[in-house]
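The values are calculated or read from the model by the stated rules, or taken from the named source; none is laboratory data. None of these values were measured; they are calculated from a predicted model. In this analysis, Cβ positions are derived from the backbone assuming ideal geometry, glycine residues included, and neighbour counts consider all displayed protein chains.
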Amino acid sequence: MNHWYFILGAYGVTVLLMLVEVVALRTRRHAAVAAAQASLESPRKS
Amino acid sequence: MALNWTRFASPASFYPLAGTMIPWFGWGAAVLTAIGLWLGFAVAPTDFQQGEVYRIIFIHVPSAWMSMFLYVVMAFWGALLLGFNTRLSGMMAQAIAPTGALMTFVALWTGALWGRPTWGTYWAWDARMTSELILLFLYFGIIALRQAIGEPRRADRACAVLSLVGVVNIPIIYYSVKWWNTLHQGASVKATGASMETTMLAGMLVMSFAFWFYAIAVVLVRVRAIMLERERGAAWVAGLPEVNR
């Protein structure tokens with residue numbers, strides 16, 4: 001059995017999970033900034 | 001002039017400091033990963049027993065170390081929270097848990113893929129692997145407990161208690177290969193020296209620093225998001241340039 005499949009499986013999944021974490025964090029950060037901006041604007045509208 | 005460290009216990013002070021540190025640790029992780037992979041795949045020789053598959057070591061060992069280290073740091077922040085009731089402590093502990101869970105999963109996954117060609121099995125219920133799996137469940141438990149409690153400060157305290165109880169698992173993981181007869185090999189890197197070729201060790205250590213830098217960078221990004229989520233009504237958040245556009 002070619003051991004490079006195991007190496008690719010190990011490195012591939014690790015990189016994929018880290019990418020998912022980074023993208024999820026970027027999305028969460030943008031949502032948090034938008035929510036903070038919204039809470040800043042809401043008292044002015046009322 | 002003495003540096004007043006307690007000043008950074010305030011989210012208002014820590015938020016900009018974290019923002020300054022993130023690019024350094026993020027780019028540091030990228031550079032160290034490039035060097036570590038070059039050492040691991042281009043410089044380190046093929047292992048005379050395991051062949052090429054041993055190269056999983058360059059992510060397996062760093063992720064396993066980080067899984068334990070991050071848990072201890074999370075428990076440390078939990079202890080600070082219970083002792084001093086600082087807001088930052090709970091936020092830091094919350095920010096560490098998902099990355100700790102990721103590192104634990106990576107350690108288990110890469111270990112399984114290393115185990116199959118070398119031991120003939122993906123999994124065995126030996127002490128090292130089982131205690132590492134328990135660590136993953138502890139991380140999941142802490143994340144789930146936080147989700148179950150609506151009020152963040154109460155969730156912080158409950159998670160701090162659980163993380164402090166679970167910290168007993170860390171020495172069990174570390175010493176499991178000494179205390180029990182395990183399929184998992186003993187430590188290759190000790191205070192007295194390392195039982196591996198120098199370039200293999202160099203690649204593994206550089207990748208460990210890369211994982212460390214990555215973990216710090218993503219935890220800091222997450223804690224900044226948590227600060228905005230929890231304190232979005234605070235005056236200091238309203239004064240931030242990214243919010244007050």
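Just to be sure I understand the filter: pairs with C-beta atoms under 7 Å, separated by 6 or more residues or on different chains, first member in segment A:11-28 and in a helix (DSSP H, G or I), second member surrounded by 12 or more Cβ atoms within 10 Å (Cβ to Cβ) and basic (Lys, Arg). Which pairs pass?
Listed by first residue and then by second, the contacts come to A:Leu25/B:Arg222.
B:Gly233 - would you say it is within 14 Å of another protein chain (Cβ to nearest Cβ) and surrounded by 20 or more Cβ atoms within 10 Å (Cβ to Cβ)?
So B:Gly233 fails the test.
Report yes if B:Gly111 is of a type outside the set (S, T, N, Q), within 11 Å of another protein chain (Cβ to nearest Cβ), buried (at least 21 other Cβ atoms within 10 Å of the Cβ) and part of a helix (DSSP H, G or I), otherwise no.
Judged against the criteria, B:Gly111 is a match.
Out of segment B:153-163, which residues are charged (D, E, K, R) and buried (at least 19 other Cβ atoms within 10 Å of the Cβ)?
B:Asp156
When you scan segment A:6-23, how many residues do you find that are under 15 Å from B:Tyr54 (Cβ atoms) and more than 7 Å from chain B (Cβ to nearest Cβ)?
1
In this structure, is B:Val237 under 19 Å from A:Arg28 (Cβ atoms) and either polar (S, T, N, Q) or assigned to a helix (DSSP H, G or I) (or both)?
So B:Val237 fits the description; yes.
If you check B:Leu81, B:Leu162, which single one turns out to be more than 18 Å from the chain's Cα centre (by Cα) and part of a helix (DSSP H, G or I)?
Just a single option satisfies the conditions, and that option is B:Leu81.
For residues that are farther than 21 Å from B:Ala225 by Cβ and aromatic (Phe, Trp, Tyr), scanning just segment B:60-92, find the one that is surrounded by the fewest Cβ atoms within 10 Å (Cβ to Cβ).
B:Phe84
Quick one: how many residues across segment B:114-139 are within 14 Å of another protein chain (Cβ to nearest Cβ), part of a helix (DSSP H, G or I) and surrounded by fewer than 24 Cβ atoms within 10 Å (Cβ to Cβ)?
Residues meeting the conditions: 7.
Which residue pairs have Cβ atoms closer than 8 Å, lie 6 or more positions apart in sequence or on different chains, and pair a first residue in segment B:101-119 that is under 20 Å from B:Ser163 (Cβ atoms) and modelled with pLDDT of 95 or more with a second residue that is aromatic (Phe, Trp, Tyr) and in a helix (DSSP H, G or I)?
B:Ala101/B:Tyr139; B:Ala101/B:Phe140; B:Met103/B:Phe211; B:Thr104/B:Tyr139
Select from segment B:189-234 the residues that are of a type in the set (D, E, K, R) and part of a loop (DSSP other than H, G, I, E, B) and list them in ascending order.
The answer is B:Glu197, B:Glu231, B:Arg232.
Give segment B:35-53 a look and list any residue that's more than 19 Å from the chain's Cα centre (by Cα) and buried (at least 22 other Cβ atoms within 10 Å of the Cβ), or say none.
Start the filter on segment B:35-53 by keeping residues that are more than 19 Å from the chain's Cα centre (by Cα), which leaves B:35, B:37-53.
Matches in segment B:35-53: B:Gly40, B:Ala44, B:Val53.
Hey, any hits in segment B:140-152 for a residue that's in contact with a Lys or Arg (Cβ under 7 Å, 6 or more places away or on another chain), within 14 Å of chain A (Cβ to nearest Cβ) and either small (Gly, Ala, Ser) or surrounded by fewer than 24 Cβ atoms within 10 Å (Cβ to Cβ) (or both)?
Yes, that holds for at least one residue.
Can we say A:Arg44 is at pLDDT 95 or above and either surrounded by 17 or more Cβ atoms within 10 Å (Cβ to Cβ) or in a helix (DSSP H, G or I) (or both)?
On the way: at pLDDT 95 or above: no; either surrounded by 17 or more Cβ atoms within 10 Å (Cβ to Cβ) or in a helix (DSSP H, G or I) (or both): yes.
Against the criterion (at pLDDT 95 or above and either surrounded by 17 or more Cβ atoms within 10 Å (Cβ to Cβ) or in a helix (DSSP H, G or I) (or both)), A:Arg44 does not qualify.
Can you tell me how many residues in segment B:84-99 are away from chain A (no Cβ under 14 Å) and either part of a helix (DSSP H, G or I) or aliphatic (A, V, I, L, M) (or both)?
Count: 7.
When only residues in segment B:177-226 that are in contact with a Gly (Cβ under 7 Å, 6 or more places away or on another chain) and closer than 30 Å to A:Ala24 by Cα count, which is farthest from the other protein chains (Cβ to nearest Cβ)?
Per the stated criteria, the residue is B:Val206.
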